[in-house]
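What follows is a single structure, written as structure tokens, with notes after it.
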Amino acid sequence: DQQVKQNSPSLSVQEGRISILNCDYTNSMFDYFLWYKKYPAEGPTFLISISSIKDKNEDGRFTVFLNKSAKHLSLHIVPSQPGDSAVYFCAASVYTNSGYALNFGKGTSLLVTP
Amino acid sequence: NAGVTQTPKFQVLKTGQSMTLQCAQDMNHNSMYWYRQDPGMGLRLIYYSASEGTTDKGEVPNGYNVSRLNKREFSLRLESAAPSQTSVYFCASSEIWTQDLYGYTFGSGTRLTVV
């Protein structure tokens, strides 16, 4: 059962505009959320994260917003650049008997056009 | 500063052949993981090892076996490759007992084609 959902498989945005990538989750025990970025022929790399006790975290052009009541988070990229074209994975962390575990969404492919 | 190293980067197998994908990490992480990535399916967990000496099945373990050789190395074996195992395979590592701000560190992947 998918606990982290990215319902938009793809998104196309013009250079300079805002990109908004969305992620929904079902498990209220998730306490940390992360976004990974993946270029073709490379492994996913960490982009930005947010603790469940916060509602916003900003790092340069990237901002993640968390709405716990709606179990929803979003990644905003402003302004979007062609180099941002990649697959973005949303992930959520939960502590289990076996330690912290990450649950991944299926990813959203972002294309930023010049 | 290598992080997670996977070998080989590319491999073509014939149906029924066997092979082992190698993974090594130099971050002294306790936990290691094997994922496969297929179009539209995201990252699916095959097997993981929470600590040296333990391994557990993930979401899609059928057709695979793993070995946690030591704390650094975690290998994935296909005993009899099938076309359905054509995929990109990623190894990752993490420290599971603390809230790692960066989550998992991934290798660059192995692109496997089974014909």
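Table for the structure above
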{"read-out": "Any chance B:SER51 is over 13 Å from the mean Cα position of the chain (by Cα), among the small types (Gly, Ala, Ser) and under 18 Å from A:TYR100 (Cβ atoms)", "value": "yes"}
{"read-out": "Checking A:CYS23 against (1) in contact (Cβ under 8 Å) with a residue 60 or more places away in the chain; (2) within 30 Å of B:VAL60 (Cβ to Cβ); (3) touching a Lys or Arg at 6+ places or on another chain (Cβ under 8 Å); (4) in a loop (DSSP other than H, G, I, E, B), the condition it does not meet", "value": "(4)"}
{"read-out": "From the options B:VAL12, B:VAL114, residue that is over 22 Å from A:SER93 (Cβ atoms), of a type in the set (A, V, I, L, M) and either without any contact (Cβ under 8 Å) to a residue 12 or more places away in the chain or exposed (fewer than 14 other Cβ atoms within 10 Å of the Cβ) (or both)", "value": "B:VAL12"}
{"read-out": "Residue identified as within 27 Å of A:GLN3 (Cα to Cα), facing chain A (nearest Cβ under 10 Å) and at pLDDT 95 or above among B:SER87, B:SER108", "value": "B:SER108"}
{"read-out": "The range A:20-39 - residue that is more than 13 Å from every other protein chain (Cβ to nearest Cβ) and of a type in the set (A, V, I, L, M) and, of those, nearest to A:HIS72 (Cα to Cα)", "value": "A:LEU21"}
{"read-out": "Tally, over the range B:53-74, of residues that are within 15 Å of B:GLN6 (Cβ to Cβ) and of a type in the set (A, V, I, L, M)", "value": "2"}
{"read-out": "Residue check, A:TYR32 under 12 Å from the mean Cα position of the chain (by Cα) and at pLDDT below 95", "value": "yes"}
{"read-out": "A:GLY99 being within 15 Å of the chain's Cα centre (by Cα) and within 14 Å of chain B (Cβ to nearest Cβ)", "value": "no"}
{"read-out": "Any hit, the range A:74-83, residues being within 11 Å of chain B (Cβ to nearest Cβ), touching a strand residue (DSSP E or B) at 6+ places or on another chain (Cβ under 8 Å) and not in a loop (DSSP other than H, G, I, E, B)", "value": "no"}
{"read-out": "Enumeration of residues in the range A:25-53 that are within 15 Å of A:LYS71 (Cα to Cα) and surrounded by 18 or more Cβ atoms within 10 Å (Cβ to Cβ)", "value": "A:TYR25, A:PHE30, A:TYR32, A:PHE33, A:LEU34, A:ILE50"}
{"read-out": "Some residue of the range A:40-57 being at pLDDT 95 or above, closer than 18 Å to A:ASN103 by Cβ and more than 11 Å from chain B (Cβ to nearest Cβ)", "value": "no"}
{"read-out": "So A:TYR95, is it under 30 Å from B:SER49 (Cα atoms), at pLDDT 95 or above and either part of a strand (DSSP E or B) or of a type outside the set (Ser, Thr, Tyr) (or both)", "value": "no"}
{"read-out": "Candidates A:VAL87, A:VAL64, A:VAL112, filtered to the one that is more than 14 Å from chain B (Cβ to nearest Cβ), crowded, with 19+ Cβ neighbours inside 10 Å and modelled with pLDDT of 95 or more", "value": "A:VAL112"}
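The values are calculated or read from the model by the stated rules, or taken from the named source; none is laboratory data. Keep in mind the model is a prediction, meaning the values are calculated, not measured. Glycine gets a Cβ as well: all are built from the backbone with ideal geometry, and neighbour counts include every protein chain shown.
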